[in-house]
Amino acid sequence: MGIKQAPKNTPVWVDETRCKACDMCVSVCPAGVLSMRYDASSTLGAMASVVYEDSCIGCTDCELSCPDFAIFVADKKEFKFAKLTTEAKERSVAIKNNNYRIPKA
Ligand code: SF4
Ligand code: SF4
């Protein structure tokens with residue numbers, strides 16, 4: 001069963017029972033909010049995860065691009081999203097350039 005109810009005070013969340021680790025959501029996120037992480041139990045050995053939720057601008061690009069309906073964004077009426085910052089943009093590029101994973105410090 002997928003998650004139907006939005007978790008409280010969360011801008012974006014992943015239904016891990018549906019994620020097929022295609023990397024798409026991470027590739028479209030402009031704010032470096034998402035990253036793939038190692039997960040031995042998942043289909044492709046990875047799982048989408050929310051790593052910088054405070055940077056989410058609520059653009060919904062991740063939700064719209066997910067082929068498996070596995071990632072969800074809060075309603076703009078219910079959550080106050082961040083503004084896109086230079087730091088977030090740079091993190092987004094760094095994650096994409098590192099095979100969709102957060103580079104080690
Ligand atoms: S786009 Fe969907 S299926 Fe693909 S990694 Fe993201 S949450 Fe998982
Ligand atoms: S809503 Fe936009 S900023 Fe937030 S995680 Fe999804 S793609 Fe990134």
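General remarks:
- Only one of the listed residues (K76, K104, K20, K89) is in contact with a Leu (Cβ under 9 Å, 6 or more places away or on another chain) and surrounded by fewer than 17 Cβ atoms within 10 Å (Cβ to Cβ). That residue is K20.
- When each of A40, A105, A21, A74 is tested for being on the phi < 0 side of the Ramachandran plot and either touching an Asp or Glu at 6+ places or on another chain (Cβ under 7 Å) or touching a residue at least 12 places away in the same chain (Cβ under 8 Å) (or both), the lone residue that passes is A74.
- Hey, L64 surrounded by fewer than 16 Cβ atoms within 10 Å (Cβ to Cβ), within 22 Å of N98 (Cα to Cα) and of a type outside the set (S, T, N, Q) or not: no
- Applying the condition of being of a type in the set (D, E) and outside any loop (DSSP other than H, G, I, E, B) to segment 54-77 and asking which residue is farthest from ligand 2 (Cβ to nearest atom) yields D54.
- Considering segment 77-105, and only residues there that are basic (K, R) and touching a Ser or Thr at 6+ places or on another chain (Cβ under 9 Å), the residue that is nearest to G45 (Cα to Cα) turns out to be R101.
- A Cβ distance below 9 Å, combined with a sequence gap of six or more or placement on separate chains, defines the contacts here; from segment 82-100, residues that are farther than 15 Å from R37 by Cβ and at pLDDT below 95 reach no residue that is buried (at least 16 other Cβ atoms within 10 Å of the Cβ) and of a type in the set (A, V, I, L, M).
- For segment 92-101, a residue qualifies if it is surrounded by fewer than 16 Cβ atoms within 10 Å (Cβ to Cβ) and in a loop (DSSP other than H, G, I, E, B), and the qualifying residues are N97, N98, N99.
- Any hit, segment 44-53, residues being in a loop (DSSP other than H, G, I, E, B) and within 14 Å of ligand 2 (Cβ to nearest atom): yes
- Condition met for V12 (within 14 Å of the chain's Cα centre (by Cα), in contact (Cβ under 8 Å) with a residue 40 or more places away in the chain and either under 18 Å from A94 (Cβ atoms) or within 14 Å of ligand 1 (Cβ to nearest atom) (or both)): yes
The values are calculated or read from the model by the stated rules, or taken from the named source; none is laboratory data. This is a predicted model, so every value here is computed, not measured. Please note: Cβ atoms are built from the backbone with ideal geometry, for glycine as well, and neighbour counts cover all protein chains shown.
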